[in-house]
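The values are calculated or read from the model by the stated rules, or taken from the named source; none is laboratory data. Because the structure is a prediction, the values reported are computed rather than measured. Here the Cβ positions follow ideal geometry from the backbone for every residue, glycine too, while neighbour counts run over all protein chains shown. For the accessible areas, the whole protein counts, side chains as well, though only heavy atoms, and no ligand, DNA or RNA atoms are used. Shrake-Rupley method; radii C 1.70, N 1.55, O 1.52, S 1.80 Å.
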Amino acid sequence: KYSMQLKQWYQRRVRALDRRKWPLLASHLDMMYDDEDDLEGSARSYKDDGNVEYKKGTKEGYLKAIISYTEGLNKKCDNAELNSQLLCNRAAAQYLIGNYRRATQDCEKALKLNPGYMKAISRAAQAQLKLGNRKAVIDWCDRALAIDKHNKEMIQLKVKTLQRIKEEERNERKRAAIEAKEKRTNAMLLEAFRLRELNLYLPDPEESDEEEVEEERNDRLIESVKGSSHGHVTLTETGELVWPVRLLYPEYATSDVIQQFSELHSLSDHLSYMFPPQGESPEWDSAKEYVLSKLCVIYNSGSEKIELNTESSLLELFNKHNILIVGGIPTFEVFVKGSDSYNKNVLRGS
């Protein structure tokens, strides 16, 4: 017994030797202490070494444990139970360093040698859970419960996994319903744009050798009109388009966004609330000149500046002036009539 213990001690020292640094010594010790006649004993020694490294609880320890378990398996001893333990232990180490697929593979190999090995089934189930393969987890749980129907760990894992599967299926149904609703909404928006013959800016597509199909163009158009951080156009149940509208005040280099501007409302409808005759002026309007009766709203087309009728509805302005809507948000400039900024930007700039 003492001789066997001493031999196993030497075998462990041989395996711990830095073979790159001491190749000749390692080769010599291999011949002295690696007994080819006792493959099972050598395999057990490797298993014991692996267990020591595994219990250190460090990544380095797990990696060394994997090496030891692998060396034990390489002995190819005839003890199926020992080999299944080496595989299962290696699977545990693989699991703890995140190699979940390899852990599952080792468990499957262990079960070929020992079909009723509950620990291997449990570890395979846990590895598949980490991979998100919930159907596979159920299969592994069922396999375990076919052996031991009272196994609490497998019962709890199966129940939790089934609950998770139902939750994911419910979320997928919700996601599909939302996606279908959005698709219907987008189709209705596109039809509303078409009927109104709106001038919507459409960015150029990315370079492509293929001709763009209508569906791709429509997707880009929807993406463009919904791209503003200030909200996007919506279609009411009564078939009315509601836009976010940006108002620029060039004289003060500031702006406002009216997030819900019905196409049936006029600029005056909103400006009367924003700049009432007796109301409080914005902080930037220190001269208190911005009141509805003095205001002028301009559409800048790039080639000309058009003074708009603030009593006309937004839709009427779109149609009359073919207003270009960029990024899904119509933009207008607001001036005080007769001001220096008005004279410079509107009269002289026209």
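I'd like to check something: does the stretch 74-85 contain any residue that is crowded, with 21+ Cβ neighbours inside 10 Å, assigned to a helix (DSSP H, G or I) and within 37 Å of the chain's Cα centre (by Cα)? Checking the stretch 74-85: not a single residue is crowded, with 21+ Cβ neighbours inside 10 Å, assigned to a helix (DSSP H, G or I) and within 37 Å of the chain's Cα centre (by Cα). Here the condition is being open to solvent by less than 20 Å² (accessible area, probe 1.4 Å), of a type in the set (S, T, N, Q) and either modelled with pLDDT of 90 or more or assigned to a helix (DSSP H, G or I) (or both); of Ser255, Ser293, Ser268, Ser272, it holds for Ser268 alone.
Considered as a group, the residues in the stretch 331-349 that are of a type in the set (Lys, Arg) and modelled with pLDDT under 90 include one that is most open to solvent (accessible area, probe 1.4 Å), and that residue is Arg348. Across the stretch 297-316, the number of residues qualifying as closer than 21 Å to Val233 by Cα and in contact with a Leu (Cβ under 6 Å, 6 or more places away or on another chain) comes to 3.
Screening Glu304 with (1) under 30 Å from Ile222 (Cβ atoms); (2) at pLDDT 95 or above; (3) among the charged types (D, E, K, R) gives one miss only, at (2).
Taking the numbered list (1) surrounded by fewer than 17 Cβ atoms within 10 Å (Cβ to Cβ); (2) assigned to a helix (DSSP H, G or I); (3) under 29 Å from the mean Cα position of the chain (by Cα) in turn, Asp142 passes all entries but (3).
Residue-level analysis places Glu153 outside the set of residues that are closer than 25 Å to Asp48 by Cβ, open to solvent by 70 Å² or more (accessible area, probe 1.4 Å), in contact (Cβ under 8 Å) with a residue 12 or more places away in the chain and of a type outside the set (S, T, N, Q). Of the residues making up the stretch 299-338, those that are touching a helix residue (DSSP H, G or I) at 6+ places or on another chain (Cβ under 9 Å) and assigned to a helix (DSSP H, G or I) are Leu314, Leu315, Leu317, Phe318, Asn319.
So, in the stretch 98-120, how many residues would count as being open to solvent by 30 Å² or more (accessible area, probe 1.4 Å) and within 23 Å of Ser45 (Cβ to Cβ)?
Looking only at that region, the number is 5.
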